[in-house]
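Enquirer: Here it is: the structure, laid out below.
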2 protein chains.
Amino acid sequence: MKQSSLCPLVEKGIQVLSKRWTVLIVHQLLSGPQRFCTIETAIPISGRLLSERLKDLEQEGIVHREVYPETPVRIVYSLTDKGLALAPVIREMENWSREWVKIDPDEHETL
Amino acid sequence: MKQSSLCPLVEKGIQVLSKRWTVLIVHQLLSGPQRFCTIETAIPISGRLLSERLKDLEQEGIVHREVYPETPVRIVYSLTDKGLALAPVIREMENWSREWVKIDPDEHETL
DNA sequence: TAAGTTAATTACTTTTCGTAACAAAGTTTA
DNA sequence: TAAACTTTGTTACGAAAAGTAATTAACTTA
């Protein structure tokens, strides 16, 4: 590990966004507040990792967690202002993906 | 693993960009074509991983690799058009980082 | 001949990921 | 009353990826 001459804020920001599943989860939450099982269904992530990532994102102040003590318990996740501010990042990722990404026919995921 | 209702191009694009070190390497190459050791010095990544990632990025058509058979050998990496097209993504990441990211005083890397 | 250079690889340890089984807490069903 | 079901989250464990350090190839210079 070496040091970097890059702006520390930018470096940390990029590292946060480079963590696996983080951007896909934020992308999903941009469609509105939703509960655990909804996110789990929308993204090919396991419950174990989703739980871990949501905890990380709450820690980072990107996601808000609200508990409704019904039965069974209902927990709704939503984006904070910091999370909502990621909308432009994700919009540009979508633009780039649609213009440049090609699906390699050899890497079918059995849909 | 479950399937996703998300656009497959966007999902794949986000997955590519979410791979560790990828965005930082592209960010670094946006400042111009440069050789292996320059990137290695600018980013806190090990040579082993940098070599692996550059191979991935060349495979994805994001990075171009040019060999100058001098002594010792000089190899210059640069962004392709597909790689250059990531500039808006990275610009928005920088904007977000500078506005929202705070450095936790407990996580000093000994500079 | 020995030492030095850059890009990359190999060997090995540590961390993270993916899968599946299980737990808590309360409601409904039998 | 007990068994079964719900959602969210945890635990256990094998597999994959990352981090560290030593080594290689190919050629030059001392």
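Enquirer: Let me have the 222 nm mean residue ellipticity of the protein assembly as shown computed from DSSP H runs of 4+ only, each contributing -39500 (n - 2.57), with the sum over all residues rounded to the nearest 500.
Expert: -15000 deg cm²/dmol
Enquirer: Specify, per residue and in Å³, the volume enclosed by the convex hull of the alpha carbon atoms belonging to chain B. Working shown, then result.
Expert: On the way: hull volume 18.0 nm³, N = 111.
Spelled out: Cα convex hull of chain B, divided by residues, is 162 Å³.
Enquirer: What is the calculated FRET efficiency for B:SER46 to A:ARG74, with r their C-beta to C-beta distance and R₀ = 45 Å, to the nearest 0.05?
Expert: 0.50
Enquirer: Sticking with this structure for a sec: Can you give me the accessible area per residue for segment A:45-93, using a 1.4 Å probe, in Å²?
Expert: 54
Enquirer: Here is a follow-up. Based on alpha-carbon atoms only, what is the radius of gyration of the protein assembly as shown relative to the globular estimate 2.2 N^0.38 Å?
Expert: Rounded to two decimals, the normalised Rg is 1.09.
Enquirer: Could I ask something else about it? Given a 10 angstrom Cα cut-off, can you work out which residue in A:ILE43, A:ILE14, A:ILE90 is the most mobile in a GNM of chain A?
Expert: Top of the fluctuation ranking is A:ILE14.
Enquirer: Which pairs break 23 Å Cα to Cα here: B:LYS82/B:LYS102; A:LYS82/B:LYS12; A:LYS12/B:LYS82; A:LYS19/B:LYS12?
Expert: B:LYS82/B:LYS102; A:LYS82/B:LYS12; A:LYS12/B:LYS82
Enquirer: First compute the accessible area of chain A with a 1.4 Å probe, then give the percent of it belonging to carbon and sulfur atoms.
Expert: Its accessible area is 52 percent carbon and sulfur atoms.
The values are calculated or read from the model by the stated rules, or taken from the named source; none is laboratory data. For clarity, every value in this text was computed on a predicted model and none was experimentally measured. Note that we place each Cβ from the backbone using ideal geometry, even for glycine, and neighbour counts take in every protein chain shown. Heads up: the accessible areas ignore ligands, DNA and RNA and are worked out on the full protein's heavy atoms, side chains in. Shrake-Rupley method; radii C 1.70, N 1.55, O 1.52, S 1.80 Å.
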